[in-house]
Each structure stands twice: as C-alpha cells, then as structure tokens.
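Have a look at the structure below, then the notes.
What follows is calculated from the coordinates using simple rules that are stated; it is not laboratory data. Please read these numbers as outputs of a predicted model, since none were measured by experiment. All Cβ positions, glycine included, derive from the backbone under ideal geometry; neighbour counts span all protein chains shown.
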2 protein chains.
Amino acid sequence: MTTIRPATVSDHDAIWHLLEPVFRAGDTYTIDPGVSRDDALAYWLAPEKTTYVCEDGGQVLGTYYLRPNAAGGGAHVCNCGYITAPQARGRGIARAMLAHSLDAARTAGYRAMQYNFVVETNQRAVQTWLRAGFDVVGRLPGAFLHPQGGYVDALVMMKDLTDG
Amino acid sequence: MTTIRPATVSDHDAIWHLLEPVFRAGDTYTIDPGVSRDDALAYWLAPEKTTYVCEDGGQVLGTYYLRPNAAGGGAHVCNCGYITAPQARGRGIARAMLAHSLDAARTAGYRAMQYNFVVETNQRAVQTWLRAGFDVVGRLPGAFLHPQGGYVDALVMMKDLTDG
C-alpha cells in the first residue's frame, strides 16, 4: 500500500539515498554531479518547497517537491521534481506521486504546473507526463550536456490545472 | 560616453533606484512587487551572478546581471536580466548592455544565452532580442498575471553563442 506524506527530518537519510544516485548520474537533473549530501538536501527541502515522501511497505521509495515556479506575477504556476527508487519502478510510485502532486497543486490554488527543464533523453518521464496531459511548450536546443549523449535538447512542459 | 563596469557596494543606492520602479510595477519581472530593498539587492547581486552597471556622464543609467542558467549539465547556458532607467531610453543603454553581456558570456565560455520568462507584453524587450538574433523557443500560456492585462503568455528566448 502506497502512502504519500510530507517529509520530516527523520526522512533525510532515506531522501538522500534516493537523490544520490540520480544526482551523481547527472543525466536528468541540472545539479552538479559532485553535490554534497547537505547541499542536495538543502536543495530538495528548500524553504519555498513542500517536500513529500512516498512509502510502500514501510519503505521510502519515492520523493517529490512542489513549489511556486516564480514569484510576483508568476506565482500561480507551480513546479515539481520527482525521484523514484530504481528498484521500485513499475510499482506505480511515480504515477502515485504525479497524481498526488496535481491534487496538492490544485488544492494550493495553482493554475498550472510547469517543468522547466526535462532532458529529452529522459523519455520515461516525457511519456509519463504527456500521458498525464502535459504539453511540450518549449524546446531548448542543446541546453543539456548529457554525460553519454553530448548536447541534447531540454523540453519545457506545462499542464493547465483549471480545466477540471 | 557609455561605460559598463562590474557593480560595487557603492553602487547599491543607484541600482536600487533602477530596480525599485520596475519591481514595484510588477509587469515584467517575476518578483514580488512589495519586495524590500535588501531582498531586491540580494536577488540582483546574488553570489552566482556577475552584476554590471552602465554609466553615462557619471550617472548609473542601467544595470544587468549574468549568471549560469542551471548547474550540472545545464551550466553551459547563461541567463541575464537588464534594467535601463526610463529617462535614459533611446540613448543606447539597453543596446550597449546587451552587446556587453553577449561578449561577457562568450568570454566566460557559455555556449548559449537563455531568457526564461519574457512577458509577452514587454514588446520593447522582445523586439530588441529578436533583432539581436534570439529565437522564441517556448511559449508559456497564461504564465504571467499582468497587473493591467490579466493572464498573459511568457516567452522563452534563446541565442546560440557558438555561431561566431
């Protein structure tokens, strides 16, 4: 049974365990692959973010954050980042976090969700979000230096949250 | 005669004088219109930014910053923000800062410059950047709540810096 709840200080080890391989790989997030544990946790649990963990069978198998994507006139659009444990893929963790984040965003009054930088080679994510009703609203040519693929495009994806 | 040089602590008053009306108006930058002087200066002169001022006749008439737009695999793309004193418009201040920023970006080794959030109603800026060779690579529907215009689109604009 999958449960999603706000992260607490006692989740820091489990969250770092999820973040570390993803950030070290450097092929999806625009984070320095050499980032320290403290800096990674400070980023994932920054004050402007609401950070959740997804548990299944008492184990933390995923985490995501929700934040305003901008201030001032841009504060009605939110942004999220998601990480699922590789060994938990195919168990609906990512799908559950996505559904939870869309609900949380609507509840918080956001009018849209935007992903600013989706590395095009991350097709698992791209396809998941297209199926969830996100549109590709921008393509940033060569904006990401992939450790294996060289310069690849990044996508900007967005979903309207006001259409029910 | 226009001179562009790195900003120093002694420029803080002049920079705030430029930022204040723009941020208070809330129609171009995604900054809280009620932002304090300290927070505005902390944003404009953040550690990851190199901030310049443009002087003409001993007066600071413009300011801009240059920063990496992302970390890790996105660190080869830079981002800038520019502000020109309204009373100095038409004197080439904005044009001089744009040219300076493109030179500074190339010198720093950036491969592209990206503006993440250009409010579509800010046509003076949009047209200046199109003329300078920027492309519109994304359109964020309704992403900006304009104080007079309601929800308007924001553009993502980008310029390749490797084409000489």
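For the reader, a short list of remarks on this structure follows.
- Number of the condition not met by A:Ala25 [criteria: (1) within 13 Å of another protein chain (Cβ to nearest Cβ); (2) within 15 Å of the chain's Cα centre (by Cα); (3) surrounded by fewer than 20 Cβ atoms within 10 Å (Cβ to Cβ)]: (2)
- Residue that is nearest to the other protein chains (Cβ to nearest Cβ) [pool: residues in region A:1-22 that are part of a helix (DSSP H, G or I) and aliphatic (A, V, I, L, M)]: A:Val22
- If you check A:Gly74, A:Gly62 for being within 14 Å of chain B (Cβ to nearest Cβ) and closer than 30 Å to B:Pro141 by Cβ, only one passes: A:Gly74.
- A:Tyr64 meets the conditions (1) at positive phi; (2) under 14 Å from the mean Cα position of the chain (by Cα) in every case but one. The failed one is (1).
- Just so you know, in region B:79-132 the residues that are assigned to a loop (DSSP other than H, G, I, E, B) and of a type in the set (A, V, I, L, M) include one that is farthest from B:Tyr65 (Cα to Cα), and it is B:Ala132.
- Where B:Asp39 falls short, out of the listed (1) surrounded by fewer than 16 Cβ atoms within 10 Å (Cβ to Cβ); (2) under 30 Å from A:Phe144 (Cβ atoms); (3) within 14 Å of chain A (Cβ to nearest Cβ): (2)
- The residue of region A:34-68 that is farthest from A:Gln87 (Cα to Cα), among those that are part of a loop (DSSP other than H, G, I, E, B) and touching a residue at least 12 places away in the same chain (Cβ under 8 Å), is A:Glu48.
- Filter result for B:Pro86 (in contact (Cβ under 8 Å) with a residue 60 or more places away in the chain, loosely packed, with under 15 Cβ neighbours inside 10 Å and away from chain A (no Cβ under 11 Å)): yes
- Yes/no for B:Tyr110 being more than 7 Å from every other protein chain (Cβ to nearest Cβ), of a type in the set (Ser, Thr, Tyr) and farther than 23 Å from A:Val77 by Cβ: yes
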